[in-house]
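Enquirer: Encoded as structure tokens, here's the structure I'll be asking about.
The values are calculated or read from the model by the stated rules, or taken from the named source; none is laboratory data. No experiment lies behind these values; they were computed from the predicted model shown. Don't worry about glycine lacking a Cβ; one is built from the backbone with ideal geometry, like all the others, and counts go over all protein chains shown.
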Amino acid sequence: MPQTGRRARRSLGRRLLRALTVALLTLLLCFVGGYLATWGDYAVPATVVDDPALPQQTIDGLRLHVEVFGQANPATVIVVHGGPGGDYRGLLPLRALADRYRVVFYDQRGSGLSERPNSAQLTLAAMYRELEQLIERVAGKRPVVLVGHSWGAMLAVGFAARTPQRVAALVLAEPGMLTTAAATHLMKATNNMRPKIGLETLFQLSKIWFKSLHVKGDADARADFFFSQVFNAPIADHPLAGYFCDRRLDRAALAYWRFGARVSQQLLSQARDGQGRIQLDFVSGIERFSRPVLVIVGSCNTLIGEAFQRRFHLPHLVSAKLKVIAGAGHTMFGEKPGPSVKLVRDYLAQLAF
């Protein structure tokens, strides 16, 4: 009986070892197959650190991708892009304002084509300091107009609340989450901005991950590629589909150079409490900002469009006016550049600089 038991245990051990070997070989074959099936050149643009030909300025000790259009003018407009982690490429239709104003575009630290600093430098406080130093560089002591889109509109509101004397006017294109209440609502509506996990989603995510293994570049290039591709992936019931007309991402104008994955993760992580809930307050002190505020929304946006802005944000903004761009989603400056830029131009024409 003892020998029979030992033989049974050895037999079981051999079967388990064979099963484990088969499983490991299967995983190895799947990895090799996926790697070879996605073979290709998936380019990620270089940042200003590796491409000195890019227009850039050193702000707060970091090299930022910056472009300035128009002549020196008492009225300076600074365009603050979305994300966190996006860039200003999709907002370049606002360059048309340079016929009357000095217009400044910049990729925030860790975003777009700007330098990727260490994670300790990717904080909200650093973002405010960076914007203040950029204003000092391009406008001296004169207040500027901030045109913020999405996350950039959040940053613009927070900056104006803290340093109202530096801001002449605010243009806010669909600010995302200015308060905890707004964040809670949006996170619930978008499954915490994550796709629901199913076979199709897993297939798409796996394909993107394999592609990212072929990406060459700096230390952030693979993660930047992966997260930008996930956002644009043809996933059923995409969490952000409601941002766009007919819930179709192909109706959006998603022009960008490069996504900054690490800054996006860092800022979202810093906003969460011990239970993982997002806690935000960009509006404390904004009551001190009494200058004009224009809020722009696309008519198609069912997530953070007109109803959302009126419910969660307009009550905090003194003297705010809301305007709707018909037939546009969240990327209104790319989808409907003419009407969108005209709204901003007409608004600025009413101001005294």
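Enquirer: F105 fails exactly one of the following numbered conditions: (1) closer than 17 Å to A255 by Cα; (2) in contact (Cβ under 8 Å) with a residue 60 or more places away in the chain; (3) in contact with an Asp or Glu (Cβ under 8 Å, 6 or more places away or on another chain). What is the number of that condition?
Expert: Tallying (1) closer than 17 Å to A255 by Cα; (2) in contact (Cβ under 8 Å) with a residue 60 or more places away in the chain; (3) in contact with an Asp or Glu (Cβ under 8 Å, 6 or more places away or on another chain), F105 fails exactly one: (2).
Enquirer: Let me ask something additional. Which is farther than 22 Å from H65 by Cβ and either in contact with a strand residue (DSSP E or B) (Cβ under 8 Å, 6 or more places away or on another chain) or in contact (Cβ under 8 Å) with a residue 24 or more places away in the chain (or both), of M154, M127, M177?
Expert: On the way: M154 fails: farther than 22 Å from H65 by Cβ; M127 fails: farther than 22 Å from H65 by Cβ.
Of the residues listed, the single one that is farther than 22 Å from H65 by Cβ and either in contact with a strand residue (DSSP E or B) (Cβ under 8 Å, 6 or more places away or on another chain) or in contact (Cβ under 8 Å) with a residue 24 or more places away in the chain (or both) is M177.
Enquirer: Further, regarding this structure: Keeping to segment 61-96, report how many residues are touching a Lys or Arg at 6+ places or on another chain (Cβ under 6 Å), crowded, with 17+ Cβ neighbours inside 10 Å and either of a type in the set (A, V, I, L, M) or not in a strand (DSSP E or B) (or both). Working first, answer last.
Expert: Start the filter on segment 61-96 by keeping residues that are touching a Lys or Arg at 6+ places or on another chain (Cβ under 6 Å), which leaves 62, 69-70, 73, 76.
Of the ones still in play, those that are also crowded, with 17+ Cβ neighbours inside 10 Å are 62, 69-70, 76.
Checking which are either of a type in the set (A, V, I, L, M) or not in a strand (DSSP E or B) (or both) leaves us with 62, 70.
Number of matching residues: 2.
Enquirer: Another question about this same structure. Might you let me know whether segment 155-174 holds any residue that is in the same structural domain as K336 (by TED's automatic domain parsing), in a helix (DSSP H, G or I), under 22 Å from V324 (Cα atoms) and in contact with a Pro (Cβ under 7 Å, 6 or more places away or on another chain)? Lay out the reasoning, then the answer.
Expert: Of segment 155-174, the ones in the same structural domain as K336 (by TED's automatic domain parsing) are 155-174.
Within this subset, residues satisfying the condition of being in a helix (DSSP H, G or I) are 155-162, 164-166.
Pick out the ones that are also under 22 Å from V324 (Cα atoms) and you get 155-157.
Filter again for in contact with a Pro (Cβ under 7 Å, 6 or more places away or on another chain), leaving 157.
Scanning segment 155-174, I find at least one residue that is in the same structural domain as K336 (by TED's automatic domain parsing), in a helix (DSSP H, G or I), under 22 Å from V324 (Cα atoms) and in contact with a Pro (Cβ under 7 Å, 6 or more places away or on another chain), so the answer is yes.
Enquirer: State all residues of segment 223-268 that are among the aliphatic types (A, V, I, L, M) and under 24 Å from S299 (Cβ atoms); if no residue qualifies, say none. Before the answer, list the steps.
Expert: Step one: of segment 223-268, the residues among the aliphatic types (A, V, I, L, M) are 223, 230, 233, 235-236, 240-241, 249, 252-255, 261, 263, 267-268.
L240, A241, L249, A252, A253, L254, A255 - these are the residues of segment 223-268 that are among the aliphatic types (A, V, I, L, M) and under 24 Å from S299 (Cβ atoms).
Enquirer: Okay, moving on. Kindly indicate which of T76, T58, T47 is at pLDDT 95 or above, closer than 19 Å to R262 by Cβ and of a type in the set (S, T, Y).
Expert: Values: T76 fails: closer than 19 Å to R262 by Cβ; T58 fails: closer than 19 Å to R262 by Cβ.
Testing whether each residue is at pLDDT 95 or above, closer than 19 Å to R262 by Cβ and of a type in the set (S, T, Y) leaves just T47.
Enquirer: If you don't mind, there's one more thing I want to ask. Scan segment 296-329 for residues that are over 25 Å from R89 (Cβ atoms) and either small (G, A, S) or outside the structural domain of G90 (by TED's automatic domain parsing) (or both) and jot them down.
Expert: A307, S319, A320
Enquirer: Restricting attention to segment 191-213, and to residues there that are among the hydrophobic types (A, V, I, L, M, F, W, C) and part of a loop (DSSP other than H, G, I, E, B), which single residue is modelled with the lowest pLDDT?
Expert: Here the residue is I197.
Enquirer: Then there's this: Tally the residues that are within 17 Å of M193 (Cα to Cα) and either in a helix (DSSP H, G or I) or of a type in the set (F, W, Y) (or both), restricting the search to segment 255-312.
Expert: Result for segment 255-312: 12.
Enquirer: Looking at segment 330-353, which of the residues that are outside any helix (DSSP H, G or I) and not hydrophobic (A, V, I, L, M, F, W, C) is farthest from G90 (Cα to Cα)?
Expert: So the residue we want is Q350.
Enquirer: Filter segment 214-237 for residues that are in contact with a Lys or Arg (Cβ under 8 Å, 6 or more places away or on another chain), under 16 Å from M193 (Cβ atoms) and assigned to a loop (DSSP other than H, G, I, E, B) and give the result.
Expert: Listed by number, the list holds a single entry, D237.
Enquirer: Sticking with this structure for a sec: From G338, G260, grab the single residue that is surrounded by 15 or more Cβ atoms within 10 Å (Cβ to Cβ) and closer than 29 Å to A98 by Cα. I'd like the intermediate steps shown before the answer.
Expert: Working: G338 fails: surrounded by 15 or more Cβ atoms within 10 Å (Cβ to Cβ).
Testing whether each residue is surrounded by 15 or more Cβ atoms within 10 Å (Cβ to Cβ) and closer than 29 Å to A98 by Cα leaves just G260.
Enquirer: While we're looking at this one, here's another question. Of all residues in segment 109-132, which are crowded, with 17+ Cβ neighbours inside 10 Å and not aliphatic (A, V, I, L, M)? Steps first, please.
Expert: Here is the first cut: in segment 109-132, the ones crowded, with 17+ Cβ neighbours inside 10 Å are 109-117, 121-122, 124, 126-127, 130-131.
Scanning segment 109-132 gives R109, G110, S111, G112, S114, E115, R116, P117, Q121, E130.
Enquirer: Output the residues belonging to segment 281-307 that are hydrophobic (A, V, I, L, M, F, W, C) and farther than 24 Å from V145 by Cα.
Expert: Filtering segment 281-307 for residues hydrophobic (A, V, I, L, M, F, W, C) gives 282-283, 286, 289, 293-297, 300, 303-304, 307.
Correct list: C300, L303, A307.
Enquirer: Okay, next question. When you scan segment 165-209, how many residues do you find that are crowded, with 20+ Cβ neighbours inside 10 Å and at positive phi?
Expert: Of the residues in that region, 1 qualify.
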